[in-house]
Amino acid sequence: MSHDAKTTMAMWFAAMAMIACALAWIGCKQSAAPAPLPLAVIVTEVVEKDVPIYAEWVGTTVGFVNAQVTPRVQGYLLRQDYKDGAFVKTGDLLFEIDDRAYTAALDQALGDLAQQRANFTRNQVDVARYTPLAARGAPRTPDSTSGGRRSTRRSTASRGSHRSRSAISSPRRPWSRSSRRSTR
């Protein structure tokens, strides 16, 4: 660089520094802030009396003993036999669950038990009847094998009648053509 360029550059640098100092000096001169206004004060007479003291908190209540109550069986809840927050003792009835399904299952099991007992008794009678005959070498009689077939026929006929009753049709009109036809 030449001497003239260096001189020009130094002059520009000096000019910029002077402008920055002038702006800083002008910016520092601020007017003083206004004095705050005096506060208004309320004055009352002093009176001696009781003042209620209270406070509010957010919280939850916890019982002395909290117990998880779970049913032993499933079902629909019929009623709750205690009031919320009431004290309960061991053995107190808390809820009542609908027991119709369990009553029906018990009745079904008792019916099955009675049927099995009847089968057992019938089998004991059959054994007592056929043991002496088998000891003598008697051949099987048609009566000994037809009992199962008869009960199977009865069961099938019974189921067939239930099946025919499960179809519901509208009543026929006495004057319709279909009622005049033979239904053999």
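The values are calculated or read from the model by the stated rules, or taken from the named source; none is laboratory data. What you are looking at is a predicted structure, and each value in this text was computed from that prediction instead of being measured. All Cβ positions, even for glycine, are placed from backbone atoms using ideal geometry, and neighbour counts span all protein chains on display.
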Legend entry - Considering residues of segment 36-85 that are in a loop (DSSP other than H, G, I, E, B) and in contact with an Asp or Glu (Cβ under 8 Å, 6 or more places away or on another chain) only, the residue surrounded by the most Cβ atoms within 10 Å (Cβ to Cβ): 75
Legend entry - Cross-chain or 6+ apart pairs with Cβ under 6 Å, segment 68-81 first and farther than 11 Å from residue 94 by Cβ, then surrounded by 10 or more Cβ atoms within 10 Å (Cβ to Cβ) and of a type in the set (A, V, I, L, M): 75/97
Inset, instruction - Residue by residue through segment 86-109, note down the ones that are among the aromatic types (Phe, Trp, Tyr) and assigned to a strand (DSSP E or B). - result: 95
Legend entry - Hey, residue 138 more than 30 Å from residue 74 (Cβ to Cβ), at pLDDT 80 or above and assigned to a loop (DSSP other than H, G, I, E, B) or not: yes
Inset, instruction - Can you run down the residue pairs with Cβ atoms below 9 Å, 6 or more apart or on separate chains, where the first is in segment 83-104 and without any contact (Cβ under 8 Å) to a residue 24 or more places away in the chain and the partner is aliphatic (A, V, I, L, M) and outside any loop (DSSP other than H, G, I, E, B)? - result: 96/77; 96/78; 98/77; 98/78
